[in-house]
Amino acid sequence: MKAQNKNMALPFSTPLQNAQLECASQEVLDNLAAYVEKKTLMQFGEDRRNHFINTIATRTQAVGAPDMETYIKRVSSPGGDAEFMMLVDALTINETTFFRNVPQIEMFARVALPEVIDRKRAAGETNKRLDVWSAACSTGQEVYTLGMLGLDVLSSYPGWELRILGTDISHSVLETAKQGIYQKSRLETMPPAMLTRYFDMVGDKIRVKDVVRRITTFQYHNLNDPLPMRQFDVIFCRNVMIYFSREEQARLAQKFKDRLTPGGFLFIGHSESLHGLGVDLQLRIQDRGVAYQKV
């Protein structure tokens, strides 16, 4: 990693942040970056360096530490777990919308769920339950999108039920997800019929109806930790692995495969790929929607 001029002003930074930056050595910053990567798998290379430093400066100011090096020592100490989680929360870029990447969402509803049901029927399974996991679910829009579409699909399959687990490393976004209340501006991509069927007005905001909320669960989970000890028919983990090393991408993809039921689907970001990772999942493409299937 290239050395950085400690006196160089950061983009959009305040004089306070610049002063704090001058107090932090490159070695200390690199050590913290390595510590965060070890704990979370997130990498902060040159393209994300300014975001990393500015976030540390902001947290330094928030906790009243005299300088960045003092803050970094505190957050890296055995007693710094609570503040470390606050830092990780601030470092996480939580951008999501309802019906994000429509071709993938349509593939989930039109291909993945019907195929999983048909396979379970053919295998003679008596448990009519579909389990879906949205990893790194952020503020919950993906989870609720999958829930709404899943309920629509299952209306044609009497007796089947759907359960969706949403997990994230950020406690604050999970609280938003659990509430299921959003600004109207967050619904620009929502089909009008879905809006009428699955949302209630709450003042100047909208709230996901209980019929969707009842089939969803939100939990804290770090993808660096062991994965949930259950099998899933569909896993979504979009735009997350791009921040991991190739080695960690391969490990995580293999873990996802191990957690998929036979014939299960893995959806990753449109700019991500499992090519060259050595994970035995079959690429599926349907009307511009892309997924990987365990066969």
Report task. Take the range 49-86 and flag every residue that is surrounded by fewer than 18 Cβ atoms within 10 Å (Cβ to Cβ) and touching a residue at least 60 places away in the same chain (Cβ under 8 Å). Result -> none
Report task. Test S138 against the stated conditions and say whether it is under 17 Å from the mean Cα position of the chain (by Cα), of a type outside the set (D, E) and part of a loop (DSSP other than H, G, I, E, B). Result -> yes
Query raised in the report: Identify, please: which residue in the range 175-205 is out of contact with any Cys (no Cβ under 8 Å at 6 or more places or on another chain) and of a type in the set (A, V, I, L, M) and is, among those, modelled with the lowest pLDDT?
Result: L187
Report summary line: Scanning the range 132-179 for residues that are under 27 Å from V88 (Cβ atoms) and touching a Pro at 6+ places or on another chain (Cβ under 9 Å), the one surrounded by the fewest Cβ atoms within 10 Å (Cβ to Cβ) turns out to be L165
Report summary line: Taking the range 274-287 and the residues there that are within 22 Å of the chain's Cα centre (by Cα) and loosely packed, with under 15 Cβ neighbours inside 10 Å, the one that is nearest to A109 (Cα to Cα) would be L283
Report summary line: Residue hits (the range 121-132; out of contact with any Gly (no Cβ under 8 Å at 6 or more places or on another chain) and on the phi < 0 side of the Ramachandran plot) are R121, A122, A123, E125, T126, N127, R129, D131
**Report entry** Selection count where residues are assigned to a loop (DSSP other than H, G, I, E, B) and surrounded by 16 or more Cβ atoms within 10 Å (Cβ to Cβ), scope the range 31-45
**Finding:** 4
**Report entry** Matching residues, the range 252-273, being basic (K, R) and buried (at least 17 other Cβ atoms within 10 Å of the Cβ)
**Finding:** K257, R259
**Report entry** Lone unmet requirement of (1) under 28 Å from the mean Cα position of the chain (by Cα); (2) among the hydrophobic types (A, V, I, L, M, F, W, C); (3) at pLDDT 80 or above for A65
**Finding:** (1)
Report task. All but one of (1) assigned to a strand (DSSP E or B); (2) in contact (Cβ under 8 Å) with a residue 40 or more places away in the chain hold for L266, so report the exception by its number. Result -> (2)
**Report entry** Selected residue (only one of S185, S273, S245 is closer than 23 Å to K38 by Cβ and in the same structural domain as S134 (by TED's automatic domain parsing))
**Finding:** S245
Query raised in the report: Mind checking whether some residue in the range 131-151 is aromatic (F, W, Y), in contact with a Leu (Cβ under 6 Å, 6 or more places away or on another chain) and closer than 27 Å to K255 by Cβ?
Result: yes
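Taking the criterion of being free of Cβ contacts under 8 Å to residues at least 12 places away in the same chain and not in a loop (DSSP other than H, G, I, E, B), would at least one residue in the range 217-240 satisfy it?
There is no residue in the range 217-240 that is free of Cβ contacts under 8 Å to residues at least 12 places away in the same chain and not in a loop (DSSP other than H, G, I, E, B).
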Report summary line: Across (1) over 24 Å from Q282 (Cβ atoms); (2) charged (D, E, K, R); (3) surrounded by fewer than 21 Cβ atoms within 10 Å (Cβ to Cβ); (4) touching a strand residue (DSSP E or B) at 6+ places or on another chain (Cβ under 8 Å), E106 clears everything bar (1)
Report task. For A193, indicate whether it is outside any strand (DSSP E or B), out of contact with any Leu (no Cβ under 9 Å at 6 or more places or on another chain), of a type in the set (A, V, I, L, M, F, W, C) and without any contact (Cβ under 8 Å) to a residue 24 or more places away in the chain. Result -> yes
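The values are calculated or read from the model by the stated rules, or taken from the named source; none is laboratory data. Since we're looking at a predicted model, the values are computed, not measured. Every residue, glycine as well, gets a Cβ built from its backbone with ideal geometry; the counts of neighbours run over all protein chains shown.
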